[in-house]
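Shown next, in structure tokens, is the structure this report addresses.
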Amino acid sequence: MSARLLPGGPVAEAVLADVSDRVARLRERGVIPSLATILVGSDDASAGYIRIKQRQAAELGFASPHDHLPDDATQADLESAIARYNDDPDVHGLLIQYPVPKHLDYDAALLTVNPDMDVDGMHPLNVGRLSVGLPGPLPCTPAGIEALLAHYEIPVSGREVVILGRGATLGRPLAILLSQKRPTANAAVTVVHTGVPDWQRYTSRADIVVAAAGVPGILRPEHVKPGAVVIGAGVRYEGRRLLPDVDEACAEVAGAITPRVGGVGPTTVAMLFRNAVQAAETLS
Ligand SMILES: NC(=O)c1ccc[n+]([C@@H]2O[C@H](COP(=O)([O-])OP(=O)(O)OC[C@H]3O[C@@H](n4cnc5c(N)ncnc54)[C@H](OP(=O)(O)O)[C@@H]3O)[C@@H](O)[C@H]2O)c1
């Protein structure tokens, strides 16, 4: 292993320290920032994720009201829970835990969330704001990757970034974000996917490669330019086993690389709280 490691933990700590200061300032003027969560059904993993977020919300000084709807909740039940939080002046951020049971339409429900309360940054209006460069909550994983590169002072402006994957939560919004005119972005971005069978030709010339495919081990050392920066964001779970897109041996070729565990995960969660405090500042 020769590459410098880029753990997400210190990046998340720095972001959360800023969030914590902003929460304190809101509380000083009598505003208690509030991040509401909605969970539908009895999936253990989803319930666990919600508990972790609620614990962290409490540690940061957020109120965290929660609705737990039963497995057989209807679309109308879900949307009326969303409407209640939308209309509650004491609630600023709203998170619907994904996935919802198969009989429900998550995208339709998301459309009913007040876009300014959308802490995931995935409401179509917010994706539109991102596309045209208007301020708004940013999608958490892409924003976390930009913050990670900035934290480790990895130059992005003017460099070639290749993203493997064009998914709606990761590859596509990341491409928009990193091509924007900002000192921590401003890159020449190329997105490759299954429609580009020789995608290796692009990744192997990139200064920064982001693996965002969700295909274990897809990015191998021969697909990476020596000294390049490798960000592993795509993962697949087999039971509790986490299988990253980035083959371990990439660390022998890359100049810097995210660790297999604790890379973009912590930065994603930190961005959720950054969106939540931003929502409280905007709406209070
Ligand atoms: N760490 C985190 O916090 C975090 C957060 C969000 C997502 N993720 C992970 O990131 C990954 C992507 O998420 P997503 O929601 O964007 O997924 P997605 O919608 O399934 O997108 C996957 C993309 O990868 C491309 N792809 C798949 N197999 C490929 C192959 N063999 N060759 C070339 N391209 C291939 C697909 O191409 P086509 O478009 O041509 O099908 C698609 O564009 C997933 O593993 C997800 O778990 C992680």
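Can you tell me which residue is farthest from Ile218 (Cα to Cα) among those in the stretch 250-271 that are touching an Asp or Glu at 6+ places or on another chain (Cβ under 9 Å) and open to solvent by 10 Å² or more (accessible area, probe 1.4 Å)?
So the residue we want is Pro266.
Under the condition of being in a strand (DSSP E or B) and among the hydrophobic types (A, V, I, L, M, F, W, C), which residue from the stretch 190-221 is farthest from Leu148 (Cα to Cα)?
It comes out as Val192.
Out of Pro139, Pro197, Pro115, I need the residue that is more than 10 Å from the ligand (Cβ to nearest atom) and at pLDDT 95 or above. Which one?
Pro115
Pairs needed: first member in the stretch 179-192, within 16 Å of the ligand (Cβ to nearest atom); second member anywhere, open to solvent by 40 Å² or more (accessible area, probe 1.4 Å) and of a type in the set (Lys, Arg); C-beta distance under 9 Å; at least 6 residues apart or different chains.
Val191/Arg166; Val191/Arg172; Val192/Arg166; Val192/Arg201
Count, please, the residues in the stretch 256-280 that happen to be closer than 30 Å to Val31 by Cβ, more than 12 Å from the ligand (Cβ to nearest atom) and out of contact with any His (no Cβ under 8 Å at 6 or more places or on another chain).
5
Determine, yes or no, whether His68 is open to solvent by 70 Å² or more (accessible area, probe 1.4 Å), touching a Leu at 6+ places or on another chain (Cβ under 6 Å), over 18 Å from Leu16 (Cα atoms) and not in a helix (DSSP H, G or I).
Taking the combined requirement at face value, the residue satisfies it.
Among the residues of the stretch 213-221, is there at least one that is within 14 Å of the ligand (Cβ to nearest atom), among the charged types (D, E, K, R) and touching a Leu at 6+ places or on another chain (Cβ under 7 Å)?
Checking the stretch 213-221: not a single residue is within 14 Å of the ligand (Cβ to nearest atom), among the charged types (D, E, K, R) and touching a Leu at 6+ places or on another chain (Cβ under 7 Å).
Out of Gly8, Gly30, which single residue is of a type in the set (Gly, Ala, Ser) and open to solvent by 10 Å² or more (accessible area, probe 1.4 Å)?
It is Gly30.
Note down all Cβ pairs under 9 Å where the first residue falls in the stretch 86-99 and is crowded, with 16+ Cβ neighbours inside 10 Å, the second is modelled with pLDDT under 95 and in a loop (DSSP other than H, G, I, E, B), and they're at least six residues apart or on different chains.
His92/Ser284; Gln97/Asp43
When the stretch 232-247 is examined, which residues are found to be near the ligand (Cβ under 9 Å from one of its atoms), part of a loop (DSSP other than H, G, I, E, B) and either among the aliphatic types (A, V, I, L, M) or open to solvent by 20 Å² or more (accessible area, probe 1.4 Å) (or both)?
Ala233
The values are calculated or read from the model by the stated rules, or taken from the named source; none is laboratory data. Since we're looking at a predicted model, the values are computed, not measured. Cβ coordinates were reconstructed from backbone atoms using ideal geometry, including for glycine residues, and neighbour counts include every protein chain displayed. Accessible surface is based on the protein model in full, side chains and every heavy atom, while ligands, DNA and RNA are left aside. Shrake-Rupley method; radii C 1.70, N 1.55, O 1.52, S 1.80 Å.
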